[in-house]
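Quick notes on the structure that follows.
The values are calculated or read from the model by the stated rules, or taken from the named source; none is laboratory data. Remember, predicted model here, so these are calculated numbers, not experimental data. Positions of Cβ are generated from backbone atoms using ideal geometry, with glycine treated the same way; all protein chains shown enter the neighbour counts.
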Amino acid sequence: MNDPIRILVVDDEAPARAALRRMLSDDPEVEVVGCCADGKSALAALKISAPEVLFLDVRMPGLDGFEVMRAAGSRPPRVVFVTAHAGHALEAFDAEAVDYVLKPFDDDRFARALSRAKAAARADRTMALAARLSAEAGGRAPAEPGHLERLVVPDREGMRVVPVAEIDWIEAQDYYVEVHIGTRSYLLRRSLKVLEERLDPRRFARVHRSAIVNVARIQSIRPASHGERHLLLRDGTQLKLSRMYRDRLTELL
């Protein structure tokens, strides 16, 4: 568990590869197991060196960074995108990248990205160890984590990364969803059904055809007319609780 975290650098520009290798070599907790100049050689290196983290460029000849991620198998390494192109941030976080670092970057920004990557790799090690111990004990291995941990939403300054735990509730708006966080809300081009499938069902519940609620934000359930129920959230928001979803919510509460 205390072995250095194995990192593979993938960038088609030699100066960028050299700079990343130099910055990573300053950290005794990581080991650079290789540097690749294109996606094809990166896939070959994945099989040989089994890195836990990729520092990966987006635009490269042949396979781009996202194609490398998709071709890496069912359990790919954690990915930090390092790129000069800002336009792929939403796609990167939808692919559950650990971070998205824009060139040129300073030492502090790189340090934050590396810290996140190390934390993610250590969490993967812990999950793998728990699964192995469970299997050895004859139990069932825990399911691989697959629920969303954060969303990238557009705001006035560009894009904002929000932990899903901060979400109060989510509302369907035609081809969009409106994500409510405190006094602010954000439109995201995604269907409510697709988002529901990615959220942890122990923390988020559909309460109406057009609404999903963070269960931790529910303050009370109140009777309404004709046997209906209303939810009161901690911020004062009142939502209708559909009979179709009432039993499921009761189980969670």
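Of all residues in region 58-72, count the ones that are of a type outside the set (Lys, Arg) and under 18 Å from the mean Cα position of the chain (by Cα). Write out each step before concluding.
Restricting attention to region 58-72, the residues satisfying the condition of being of a type outside the set (Lys, Arg) are 58, 60-69, 71-72.
With the extra rule that they be under 18 Å from the mean Cα position of the chain (by Cα), the set shrinks to 58, 65-69, 72.
Within region 58-72, residues that are of a type outside the set (Lys, Arg) and under 18 Å from the mean Cα position of the chain (by Cα) number 7.
Quick check on region 159-170. Is at least one of its residues charged (D, E, K, R) and part of a strand (DSSP E or B)? Walk me through how you get there before you give the answer.
Filtering region 159-170 for residues charged (D, E, K, R) gives 160, 166, 168.
Retained after the next criterion (residues that are part of a strand (DSSP E or B)): 160.
Yes; the residues of region 159-170 include at least one that is charged (D, E, K, R) and part of a strand (DSSP E or B).
Given the conditions (1) at pLDDT 90 or above; (2) in contact with a Leu (Cβ under 8 Å, 6 or more places away or on another chain); (3) more than 20 Å from residue 25 (Cβ to Cβ), report the number of the one that residue 54 does not fulfil.
(3)
Can you tell me which residue within region 211-232, out of those that are of a type in the set (Gly, Ala, Ser) and not in a helix (DSSP H, G or I), is surrounded by the fewest Cβ atoms within 10 Å (Cβ to Cβ)? Spell out how you get there, then give the answer.
Applying the first criterion (of a type in the set (Gly, Ala, Ser)) to region 211-232 yields 211, 216, 220, 224-225, 227.
Right, trim to not in a helix (DSSP H, G or I) and you get 211, 220, 224.
On the way: 211: 23, 220: 9, 224: 11.
Among those residues, the one meeting the criterion is 220.
Looking at residue 72, is it free of Cβ contacts under 8 Å to residues at least 60 places away in the same chain, under 21 Å from residue 147 (Cα atoms) and not β-branched (Val, Ile, Thr)?
Values: free of Cβ contacts under 8 Å to residues at least 60 places away in the same chain: yes; under 21 Å from residue 147 (Cα atoms): yes; not β-branched (Val, Ile, Thr): yes.
When the stated conditions are applied, residue 72 passes them.
Considering only residues of region 168-196 that are closer than 25 Å to residue 87 by Cα and aliphatic (A, V, I, L, M), which is nearest to the chain's Cα centre (by Cα)?
195
Where in region 1-120 are the helices (runs of 4 or more DSSP H), entirely inside, with at least 1 residues that are of a type in the set (A, V, I, L, M), in contact with a helix residue (DSSP H, G or I) (Cβ under 7 Å, 6 or more places away or on another chain) and surrounded by 14 or more Cβ atoms within 10 Å (Cβ to Cβ)? Walk me through it before giving the result.
Values: elements: 14-25, 39-49, 65-71, 89-94.
So the answer is 14-25, 39-49, 65-71.
Kindly indicate the residue of region 233-247 that is in contact with a Phe, Trp or Tyr (Cβ under 9 Å, 6 or more places away or on another chain) and outside any loop (DSSP other than H, G, I, E, B) and also surrounded by the most Cβ atoms within 10 Å (Cβ to Cβ) among those meeting that condition.
Restricting to residues being in contact with a Phe, Trp or Tyr (Cβ under 9 Å, 6 or more places away or on another chain) and outside any loop (DSSP other than H, G, I, E, B), the top hit is 239.
Please go through region 206-241 and give me each residue that is under 30 Å from the mean Cα position of the chain (by Cα) and among the polar types (S, T, N, Q), ordered by number.
Hits for region 206-241 are 210, 214, 219, 237, 238.
If residue 217 satisfies all but one of (1) charged (D, E, K, R); (2) modelled with pLDDT of 85 or more; (3) touching a helix residue (DSSP H, G or I) at 6+ places or on another chain (Cβ under 9 Å), what's the number of the condition it fails?
Against the list (1) charged (D, E, K, R); (2) modelled with pLDDT of 85 or more; (3) touching a helix residue (DSSP H, G or I) at 6+ places or on another chain (Cβ under 9 Å), residue 217 comes up short only on (3).
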